[in-house]
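Q: First the structure, then my questions, so here it is.
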Amino acid sequence: MKERFFLLAALLIPGLELTAESRIVVKDEAIRPVERRIFGTNQIAGVNRKNQKTGGRNRTYDLGMGIWDPAGNAPDPEMVRLAREAGVTVHRWPGGCRTHNFDWKKLIGKAESRPNNRFGLPEFLRFCRETKAIPIITLPDYSGTAQDAADLVEYLNSPDDGNHPWAARRAGDGHPEPYGVVYFEYGNETYHGNHEGSLSQGAKGIIYAPEYARRYAEYRRAMRKVDPRIRLGAVCHEEWIPEILKRNGKNVDFFVPHIYIGSYSANDGAIAPETLFSIALGGVRNCARKLAAVQKEAETLGIQKSFPLAVTEYNCFMHNDKPRPYRFSLGGALISAEILRILLHDPNVFMANYWLFANEFWGTIRNFQAPYLRRPAHYMFTLFRRHLQEELLRTEVQCPRFDSPGGYGVPRASGAVSAEGEAKESARNLLPPQPWKFIGGAKEKEIFSQKELADGTLEITFHKDTFLNYFHAQKRMPANSLSGYRVSAEIRTEGMEDSSGAAIQIGDGRGFDATRSCAVSPGVLSRQWRTISTVYTPLADTKSLLISMRRLAGNSRGKILVRNVRVTETIPDNIGASPLVEVTASRSKDGKKYSFVIINKSMKEPEPLFLALPGIRRVTAETLSGPSVDAVNEDDPECVTLRPQKCRIAEEGLRTLLPPHSLTGITVER
């Protein structure tokens, strides 16, 4: 589809309501240059370990989830066009948890030498070149060595001068000149354990922060010895940041947080989509806290450095497929647009990568051959590309605010701001006296045993080195949805060194699978008693709470002992009421063009808007909208798309009527 821009003269729009309007006042004050590397995506690759015959059409091994044509040994030209149309500037590879045991050395060489793995490293880098995007490469964390990482840098960046054997391999693959890759990250969400441990002989079940911090230093040193220009990112987890900084200090090149907003997987349609997306859009601002965690910890440790951030994964985190797949919906695109707005305004964020570009479970594009279907998120990227100039501007937005009860992975956003710990908590233990309830069948009993000792201490014994997500000892209690709850316990462990440790969880009584609503404490690995706690904000319809002992990941034998479990009432975390209208404003370097990307978070009502900017001569405008916030393009490719947006030029600015649940792009010339 050709790009559609819409030129509108000063005209009166029939039916445009001009009363009680929201206002955007442009300060004409540049905040910083627009960081284009924030508009990246993820690409997926896989290693065909068993060398199974694919016929050249395996979705991962050969097609790269649709971006590669193995028959033509070239990028799919339509995928290249779609990436350019969306303004993609960075591609991340090989993607997510597949990285844990990834072996890049099996994905080089001429394509004919690996007939069952046609999409490899050279193919990925060619796709980057043809889409005019830069690469960021994720290194395996649960397999391989620092020398393997150094070999990769040599393959990518060293000259083929007879002194670098891996550079000679690159030249033999048809690329004599160095690629000059700068950005790498060590591991992908290493803290959650090795999801694919069974695929790697002798692979560990989990790595802890101290070991990761040591390995990061080792990998960085080995890689920079080959090419001092490279930059290596470190995984970003709130509990890991202190250890990584203490070990590496200013030598961390950048941190890699991942941001997913909303958490919903039920397929029963019990929650109205308008309610679900209103909650998510009300709480999306909470991701700014996660971005601030690194700098806050650095200041605590006295480290004088502003650490760059690369958010190499972000998206709407809704897994359901019925009644509609919300991750592919207009609402999902609006959540990602709000994440992008926050990233653009954070001075430490220099890169971001939407999960995922094509196909798989999250792609902005569907299908492996024409006709390709563009989902709402692809149109969202296109709108940003068309309506974003060179300099980010400061604005003042005057608009109504709305309250959100929180839940489904986001905090409460209602009324005034209140943070955890600001108000005095009740000291009274609200957990009714009761024995632990044990669940699990014969298979689980082969792995672990559970019992409550005479003094009330819970003892859990893991008999086998089996990778297990443990949640099988539970207590229940009633809840008031307007309150917050802190669960605390004393915990100690024996053994279990190759696991995530013992934690306690509190969540909705209907269970995590039904509500995706819970809070989990930090893990404990200590022979000494340790007191841990976490705070939970209930859903608006929560009536009971489920307290569970947890071992989230790992495969170690050993014991967990738990005593003095308490639940107290507290003020729930609350980020305050959310603005109905948010904006990203930018200006061209010559000051002649101004662009605005504006979201209307109202689920039902259009919002009259006045954009205060004198001297407007011309305006182009379009809106990403659809019949409902959960609308998708799966059956109708034109259901959610970019449509003309009517505007009226006024003496001191312009007026428009923002459709409900919409993202509007406006570019004006003065």
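Q: Within the group L330, L309, L383, which residue is in contact with a Leu (Cβ under 9 Å, 6 or more places away or on another chain) and closer than 30 Å to N248 by Cα?
A: Being in contact with a Leu (Cβ under 9 Å, 6 or more places away or on another chain) and closer than 30 Å to N248 by Cα holds for just one of L330, L309, L383, which is L309.
Q: Scan region 391-415 residue by residue and report those that are assigned to a loop (DSSP other than H, G, I, E, B) and either free of Cβ contacts under 8 Å to residues at least 24 places away in the same chain or touching a Ser or Thr at 6+ places or on another chain (Cβ under 9 Å) (or both).
A: C399, P400, D403, P405, G406, Y408, G409, P411, S414, listed by residue number.
Q: Scan region 280-296 and report the pairs whose first residue is within 11 Å of C236 (Cβ to Cβ) and whose second residue is assigned to a helix (DSSP H, G or I) and not acidic (D, E), with Cβ atoms within less than 9 Å and a gap of 6+ or a chain change.
A: What qualifies is L291/I342; L291/L343; A293/I241; V294/I241; V294/L245.
Q: If you go through region 1-31, how many residues are of a type outside the set (A, V, I, L, M, F, W, C), part of a strand (DSSP E or B) and modelled with pLDDT under 95?
A: Counting residues in region 1-31 that are of a type outside the set (A, V, I, L, M, F, W, C), part of a strand (DSSP E or B) and modelled with pLDDT under 95 gives 3.
Q: When the residues of region 478-508 are filtered to those that are among the charged types (D, E, K, R) and modelled with pLDDT of 85 or more, which remaining residue is farthest from N574 (Cα to Cα)?
A: Applying the filter and picking the extreme gives E494.
Q: Let me ask you something else. Could you figure out which of (1) under 22 Å from P435 (Cβ atoms); (2) of a type outside the set (A, V, I, L, M, F, W, C); (3) in contact with a helix residue (DSSP H, G or I) (Cβ under 8 Å, 6 or more places away or on another chain); (4) open to solvent by 30 Å² or more (accessible area, probe 1.4 Å) isn't true of R563?
A: (3)
Q: Out of the residues in region 141-150 meeting the condition of being surrounded by fewer than 23 Cβ atoms within 10 Å (Cβ to Cβ) and assigned to a loop (DSSP other than H, G, I, E, B), tell me which one is nearest to the chain's Cα centre (by Cα).
A: S143
Q: With respect to S499, is the statement that it is crowded, with 20+ Cβ neighbours inside 10 Å and within 26 Å of the chain's Cα centre (by Cα) true?
A: Yes: the conditions hold for S499.
Q: With the requirement that a residue be hydrophobic (A, V, I, L, M, F, W, C) and out of contact with any His (no Cβ under 8 Å at 6 or more places or on another chain), what does region 232-254 give you?
A: Those that are hydrophobic (A, V, I, L, M, F, W, C) and out of contact with any His (no Cβ under 8 Å at 6 or more places or on another chain): L232, A234, V235, W240, I241, I244, L245, V252, F254.
Q: While we're on this one: If you take the residues in region 366-385 that are among the charged types (D, E, K, R) and assigned to a strand (DSSP E or B), which one is surrounded by the most Cβ atoms within 10 Å (Cβ to Cβ)?
A: In this case the residue turns out to be R374.
Q: Filter region 184-208 down to residues that are touching a Phe, Trp or Tyr at 6+ places or on another chain (Cβ under 8 Å) and modelled with pLDDT of 90 or more and give me whichever is surrounded by the fewest Cβ atoms within 10 Å (Cβ to Cβ).
A: G187
Q: Taking the conditions exactly as written (over 30 Å from S556 (Cβ atoms) and small (G, A, S)), does A454 satisfy them or not?
A: no
Q: Next question, about the same structure. Identify the residue in region 110-137 that is among the polar types (S, T, N, Q) and not in a helix (DSSP H, G or I) and, among all such residues, is surrounded by the most Cβ atoms within 10 Å (Cβ to Cβ).
A: Per the criteria, the residue is N117.
Q: Then there's this: Would you confirm, using the coordinates I've provided, whether P614 is open to solvent by 50 Å² or more (accessible area, probe 1.4 Å), farther than 30 Å from Y485 by Cβ, touching a Pro at 6+ places or on another chain (Cβ under 8 Å) and not basic (K, R)?
A: no
Q: Oh, and also: Taking the conditions exactly as written (touching a residue at least 60 places away in the same chain (Cβ under 8 Å) and outside any loop (DSSP other than H, G, I, E, B)), does L388 satisfy them or not?
A: Spelling it out, it is not the case that L388 is touching a residue at least 60 places away in the same chain (Cβ under 8 Å) and outside any loop (DSSP other than H, G, I, E, B).
Q: Of the residues that make up region 520-538, is at least one of a type in the set (S, T, Y) and touching a Cys at 6+ places or on another chain (Cβ under 8 Å)?
A: yes
Q: Another question, if that's okay. Among the listed residues T89, T54, T60, T41, which satisfies the condition of being of a type in the set (S, T, N, Q), at pLDDT 95 or above, open to solvent by 10 Å² or more (accessible area, probe 1.4 Å) and out of contact with any Leu (no Cβ under 6 Å at 6 or more places or on another chain)?
A: T89
Q: Right, next: Filter region 213-230 down to residues that are buried (at least 17 other Cβ atoms within 10 Å of the Cβ) and charged (D, E, K, R) and give me whichever is farthest from T145 (Cα to Cα).
A: D227
Q: Condition test on T534, is it crowded, with 18+ Cβ neighbours inside 10 Å, of a type in the set (S, T, Y), in contact with a Ser or Thr (Cβ under 6 Å, 6 or more places away or on another chain) and not in a loop (DSSP other than H, G, I, E, B)?
A: Against the criterion (crowded, with 18+ Cβ neighbours inside 10 Å, of a type in the set (S, T, Y), in contact with a Ser or Thr (Cβ under 6 Å, 6 or more places away or on another chain) and not in a loop (DSSP other than H, G, I, E, B)), T534 qualifies.
Q: Let me ask you something else. Looking at region 599-607, can you tell me whether even one residue there is surrounded by 21 or more Cβ atoms within 10 Å (Cβ to Cβ), farther than 27 Å from A540 by Cα and at pLDDT 95 or above?
A: No, because not a single residue in region 599-607 is surrounded by 21 or more Cβ atoms within 10 Å (Cβ to Cβ), farther than 27 Å from A540 by Cα and at pLDDT 95 or above.
Q: Which of the residues belonging to region 300-328 are among the β-branched types (V, I, T) and open to solvent by less than 30 Å² (accessible area, probe 1.4 Å)?
A: Selection gives I303, V311, T312.
Q: Out of G282, G262, G233, report the one residue that is surrounded by 22 or more Cβ atoms within 10 Å (Cβ to Cβ), modelled with pLDDT of 95 or more and farther than 30 Å from M496 by Cβ.
A: G282
The values are calculated or read from the model by the stated rules, or taken from the named source; none is laboratory data. All values derive from a computational prediction rather than experimental measurement. Note: ideal-geometry Cβ built from the backbone for every residue, glycine included; neighbour counts use all protein chains shown. These area figures cover heavy atoms from the full protein model, side chains too; ligands, DNA and RNA do not enter into them. Shrake-Rupley method; radii C 1.70, N 1.55, O 1.52, S 1.80 Å.
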